[in-house]
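Beneath this line is the structure, given in structure tokens, with notes to follow.
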Amino acid sequence: MQRFWIWLSRYASPPVFYRTAGLWRPWLGWATLLVGGPALIYGLFFAPPDYLQGESYRIIFIHVPSAWVSMFAYTAMAGAGAAALIWHTKLSEIAVVAIAPIGAGFTAITLVTGMLWGRPTWGAYWVWDARLTSELVLLFLYLGVIGLASAYGDARRGARAAALLSLVGLVNLPIIHYSVRWWNTLHQGSTVRMFGESSIHGSMLWALLAAALAAKLYFVWSLLGRLQLRLLSAESEKAWVARELKLEPSDA
Amino acid sequence: MELSLGLAFRAALRRELKLAWRRRGDLLHPFAFTLLVATLFAIGVGAEINLLQRAAGAVAFLCVLLALFLSVDGLFRPDRDDGQLDHLLVSPVPLPLLLSARLLAYWLVHGIGLTLACPLLALLLRLPAEQLPVLMLALSTATLGMSAIGLIGAALTVPLKRGGILLALIVLPLYVPLLIFGSGTVAAQAAGEPIAGALYLTAALSVFLATLAPFVAAVALRLGMD
């Protein structure tokens, strides 16, 4: 256990993390393309059409992976938030602020693709379906975290406030999710509830899983890049930044 | 000097209630706001009494919810401006205890106070008479949870110049379960179903939030002030 903490604190130190992230990023980027490209090409063009929904179901190859990442990212953000509040590590504070826009982006993609899919399937762009509604609330939670982090003049204090808010949101998310489901069943007993997942077949499944993996890889790739940039700006006074960027030492 | 937690709690509660009483004129503003929103809604809907009547429970619930939200920003801001908040933070009494006194006072004054606007709202919105007691029961319960969420939101935004729209973005999404269960209680009554389930869920959620919120708000205040 001791060795784990030593290992962790070593990699959480900004210069080491910056360099390690720089080594990992190209590999992650290529892996995203190699896994996601074929999955999307197969899913969007070659997979057999669904017997009920025809071609429109193909959007799940974007929709479902985004939805998974949107929820995974919130958990990751709150995890980083907990670390930031407990250990006051700079990296985890920065991670909260860096994850939020990626998560919000995936949430927005989930909502837009869900709406596009809903138009031919449900006959309306927006249905107050339990999952769509929770996803919308999730987007608002992300926007709150982003807004709070950027409203503070001091970046570290803003990040800590955002960390606390992300934890509050994490506790509330299951409550929101189940309350929305309860509300949905109360108000409309029999909404069309046939999400693509249940009717999925083996040939589509691997493409979907590959697309999901690619979305996760993209998330990590994008996160590492954002962390690198934020570390540079947070530590711009430190010597390692000048070394890393091969800047001339300033006279000031 | 002996420091008793019960004494400190009572003193903090008395202070809040006394302040609210001295400024009792201010309470008319959120009260008038609820009536105003109801009026605007009725005008917007037009002369369709049936539509108005069917939505009345939910609209009354929302009017109170919005009015309560408007006063959230005042939870800590005046005290920050006159330095009272710093005294709260350096007090030897545990901060969550003082905050729960504040939460209780806020709920009694604003939550229960605004619930008293319901009979007038019911008149304006043509709420069926048998739904009024249920609405008031659900609202007085749900406002406790809303106040608790407001406490967290206000604590997170008090170092900023203004809470404003950011406070809405933080607080309103968290109101969703309370709105669903609270307004669901009224809807259940309207549909002739038993109301106990929704009401108990509202109460459970409110108690849960009110228990934890003072601790979260205490952390938030310390983060913002150091």
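The values are calculated or read from the model by the stated rules, or taken from the named source; none is laboratory data. Remember, predicted model here, so these are calculated numbers, not experimental data. Because the Cβ atoms are built from the backbone with ideal geometry, glycine has one as well, and the counts that use them run over all protein chains shown. What goes into the accessible areas is simple: the full protein's heavy atoms, side chains included, and nothing from ligands, DNA or RNA. Shrake-Rupley method; radii C 1.70, N 1.55, O 1.52, S 1.80 Å.
Out of all the residues in the stretch A:11-67, which are aromatic (Phe, Trp, Tyr) and surrounded by fewer than 17 Cβ atoms within 10 Å (Cβ to Cβ)?
We begin by selecting, within the stretch A:11-67, every residue aromatic (Phe, Trp, Tyr); these are A:11, A:17-18, A:24, A:27, A:30, A:42, A:45-46, A:51, A:57, A:61.
Scanning the stretch A:11-67 gives A:11, A:24, A:27, A:30, A:45, A:46, A:51.
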Restricting the stretch A:84-105 to residues that are surrounded by 24 or more Cβ atoms within 10 Å (Cβ to Cβ) and of a type outside the set (A, V, I, L, M), the residue that is farthest from residue A:233 (Cα to Cα): A:103
If the requirement is being more than 23 Å from residue B:175 (Cα to Cα) and assigned to a helix (DSSP H, G or I), which of these qualifies: B:103, B:98, B:35? B:98
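Given the structure, is residue A:81 touching a residue at least 24 places away in the same chain (Cβ under 8 Å) and either surrounded by fewer than 16 Cβ atoms within 10 Å (Cβ to Cβ) or more than 21 Å from residue A:155 (Cα to Cα) (or both)? First the steps, then the outcome.
On the way: touching a residue at least 24 places away in the same chain (Cβ under 8 Å): yes; either surrounded by fewer than 16 Cβ atoms within 10 Å (Cβ to Cβ) or more than 21 Å from residue A:155 (Cα to Cα) (or both): no.
No; evaluated as a whole, the condition is false for this residue.
Confirm whether residue B:150 is within 20 Å of residue A:146 (Cα to Cα), touching a helix residue (DSSP H, G or I) at 6+ places or on another chain (Cβ under 6 Å), more than 12 Å from chain A (Cβ to nearest Cβ) and small (Gly, Ala, Ser).
Numbers: within 20 Å of residue A:146 (Cα to Cα): yes; touching a helix residue (DSSP H, G or I) at 6+ places or on another chain (Cβ under 6 Å): yes; more than 12 Å from chain A (Cβ to nearest Cβ): yes; small (Gly, Ala, Ser): yes.
It is true that residue B:150 is within 20 Å of residue A:146 (Cα to Cα), touching a helix residue (DSSP H, G or I) at 6+ places or on another chain (Cβ under 6 Å), more than 12 Å from chain A (Cβ to nearest Cβ) and small (Gly, Ala, Ser).
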Residue check, residue B:185 crowded, with 16+ Cβ neighbours inside 10 Å, more than 9 Å from chain A (Cβ to nearest Cβ), assigned to a helix (DSSP H, G or I) and out of contact with any Cys (no Cβ under 8 Å at 6 or more places or on another chain): yes
Looking only at the stretch B:188-203, count how many residues are at pLDDT 90 or above, within 12 Å of chain A (Cβ to nearest Cβ) and open to solvent by 60 Å² or more (accessible area, probe 1.4 Å). 1
Of all the residues that make up the stretch A:122-146, how many are open to solvent by 20 Å² or more (accessible area, probe 1.4 Å), in contact with a helix residue (DSSP H, G or I) (Cβ under 6 Å, 6 or more places away or on another chain) and part of a helix (DSSP H, G or I)? 4
